[in-house]
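Report on the following structure.
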Amino acid sequence: SRETYKSASVVLWLSRLSATMGQMFNKNVLVMENPLSLDIKNDYKNNSNFQNIISVARFDSSQKRIDRLFEVFAKVLRKRPDIKLYLVGPYDLSMKNPMKKEETIAQLITRLNIPEGSIIFSGEVKEVEKYYSKAFVNVVTSERDGFGLTVLEAASFGLPSVVFNGVGASDIIEDNINGYVIQDGNVDDMAEKILMLLNNEEIYEKVSKKAFNLAREYTIDIISAKWKALINSILNSTYHF
């Protein structure tokens, strides 16, 4: 509540978008990102030879917009029928299409003419690393999301992410530098950016290396240092908004 915000020294948010909304209630806001828990490799590795798309989320939630993911993938397949999509996380193919309530997700796959075997349904896994290591790009199609930790997880393997704007994932990415931020809902543009990464080795390696470096900015040591600095400044009454 607003009164609770006022009584706190600082209110922490995971993304700039959330912090901006929080400022509507009070000015004592700060962005504190989640740390990356996966080990970051010392050396960059180009993953372009795998040419698989990965998307990691709780796809049994309509907010993750699995329908938009499959629409994007179908457009990629028309030009590159050899590509696979690794769908990592819980899913429900009997769930209704958020944009077409009379249609299930299974029926959507059929309508989009996505061949059987093109989508690898892994379900929820404990070791997501083996899936990142076999992919070349990470795709996020959520319409509402928090921090976007999967972007950093993918980046630690050198995978650039292609995401829609207005979600936590777009907070992390510098568009055209270490990934791509697409106008919300523009599945055509998202598919084109994925195809560009697929078909242009020079662009892919440039963006991929920047993504790998991005992951290094969110290590446990770096984020914990931010926590220590914040706590010390509050205890010493030196933190001002």
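The values are calculated or read from the model by the stated rules, or taken from the named source; none is laboratory data. Computed from a predicted model, the values in this text were never measured in an experiment. Neighbour counts run over all protein chains shown; Cβ positions are idealised from the backbone, glycine included. SASA here: full protein model, heavy atoms, side chains in, ligands and nucleic acids out. Shrake-Rupley method; radii C 1.70, N 1.55, O 1.52, S 1.80 Å.
Being farther than 14 Å from residue 18 by Cα and not acidic (Asp, Glu) is the filter here, so list the residues in segment 156-175 that pass it. Give the derivation first.
Initially, segment 156-175 is screened for residues farther than 14 Å from residue 18 by Cα, giving 156-164, 173-175.
Of everything in segment 156-175, those that are farther than 14 Å from residue 18 by Cα and not acidic (Asp, Glu) turn out to be 156, 157, 158, 159, 160, 161, 162, 163, 164, 173.
In segment 102-124, how many are part of a strand (DSSP E or B), out of contact with any Leu (no Cβ under 6 Å at 6 or more places or on another chain) and either under 16 Å from residue 64 (Cα atoms) or open to solvent by less than 20 Å² (accessible area, probe 1.4 Å) (or both)? I'd like the intermediate steps shown before the answer.
Pass one, segment 102-124, residues part of a strand (DSSP E or B): 102-104, 119-123.
Now restrict to residues that are out of contact with any Leu (no Cβ under 6 Å at 6 or more places or on another chain): 102-104, 120, 122-123.
This time we only want the ones that are either under 16 Å from residue 64 (Cα atoms) or open to solvent by less than 20 Å² (accessible area, probe 1.4 Å) (or both), so: 103-104, 123.
So the answer is 3.
Which members of segment 71-102 meet the condition of being among the acidic types (Asp, Glu) and either at pLDDT below 95 or closer than 16 Å to residue 57 by Cα (or both)?
Matches in segment 71-102: 82, 92, 102.
Kindly indicate whether residue 42 is more than 30 Å from residue 104 (Cβ to Cβ) and surrounded by fewer than 15 Cβ atoms within 10 Å (Cβ to Cβ). Give the derivation first.
Values: more than 30 Å from residue 104 (Cβ to Cβ): yes; surrounded by fewer than 15 Cβ atoms within 10 Å (Cβ to Cβ): yes.
So residue 42 passes the test.
Where in segment 1-87 are there helices (runs of 4 or more DSSP H), lying wholly inside it, with at least 2 residues that are closer than 30 Å to residue 115 by Cβ and touching a Leu at 6+ places or on another chain (Cβ under 6 Å)? Before you say what the answer is, go through the steps one by one.
Details: elements: 2-7, 16-22, 66-79.
Those helices (runs of 4 or more DSSP H) span 66-79.
Give me the residue from segment 165-221 that is of a type in the set (Lys, Arg) and crowded, with 18+ Cβ neighbours inside 10 Å and, out of that set, farthest from residue 45 (Cα to Cα). Write out each step before concluding.
From segment 165-221, those of a type in the set (Lys, Arg) are 193, 206, 209-210, 216; that's our starting set.
Okay, now just the ones that are also crowded, with 18+ Cβ neighbours inside 10 Å, so 193, 210.
Working: 193: 21, 210: 12 Å.
Per the stated criteria, the residue is 193.
Answer with yes or no whether residue 109 is within 26 Å of residue 49 (Cα to Cα) and either modelled with pLDDT of 95 or more or within 17 Å of the chain's Cα centre (by Cα) (or both). Working first, answer last.
Values: within 26 Å of residue 49 (Cα to Cα): no; either modelled with pLDDT of 95 or more or within 17 Å of the chain's Cα centre (by Cα) (or both): yes.
Answer is no for this residue.
For a quick check of your reading: which helices (runs of 4 or more DSSP H) sit entirely within segment 127-189 and have at least 1 residues that are within 12 Å of the chain's Cα centre (by Cα) and more than 27 Å from residue 98 (Cα to Cα)? Let's see the steps before the verdict.
Numbers: elements: 129-132, 149-155, 168-172.
Those helices (runs of 4 or more DSSP H) span 149-155.
State which residue pairs qualify: first residue in contact (Cβ under 8 Å) with a residue 60 or more places away in the chain and part of a helix (DSSP H, G or I) and inside segment 223-238, second residue loosely packed, with under 11 Cβ neighbours inside 10 Å and of a type in the set (Asp, Glu) in any location, beta carbons under 9 Å apart, and separation of 6 or more residues or different chains.
Short answer, once both residue conditions are applied: none.
All but one of (1) closer than 17 Å to residue 190 by Cβ; (2) in contact (Cβ under 8 Å) with a residue 24 or more places away in the chain; (3) surrounded by fewer than 21 Cβ atoms within 10 Å (Cβ to Cβ) hold for residue 78, so report the exception by its number.
(2)
Under 7 Å by Cβ, and 6 or more places apart or on different chains, what pairs join a residue from segment 175-202 that is touching a residue at least 24 places away in the same chain (Cβ under 8 Å) with one that is open to solvent by 70 Å² or more (accessible area, probe 1.4 Å) and in a helix (DSSP H, G or I)?
Short answer, once both residue conditions are applied: 177/210; 178/210; 195/79.
For the structure I just gave you, tell me whether residue 180 is aromatic (Phe, Trp, Tyr) and closer than 26 Å to residue 79 by Cβ. Give the steps one after another, and end with the answer.
Values: aromatic (Phe, Trp, Tyr): yes; closer than 26 Å to residue 79 by Cβ: yes.
Here the answer is yes, as residue 180 does meet what is asked.
Only residues that are more than 21 Å from the chain's Cα centre (by Cα), at pLDDT 70 or above and of a type in the set (D, E, K, R): list them for segment 1-35, please.
3, 6, 27
Residue check: is residue 86 in contact with a helix residue (DSSP H, G or I) (Cβ under 8 Å, 6 or more places away or on another chain) and within 20 Å of residue 191 (Cβ to Cβ)?
Working: in contact with a helix residue (DSSP H, G or I) (Cβ under 8 Å, 6 or more places away or on another chain): yes; within 20 Å of residue 191 (Cβ to Cβ): yes.
Yes.
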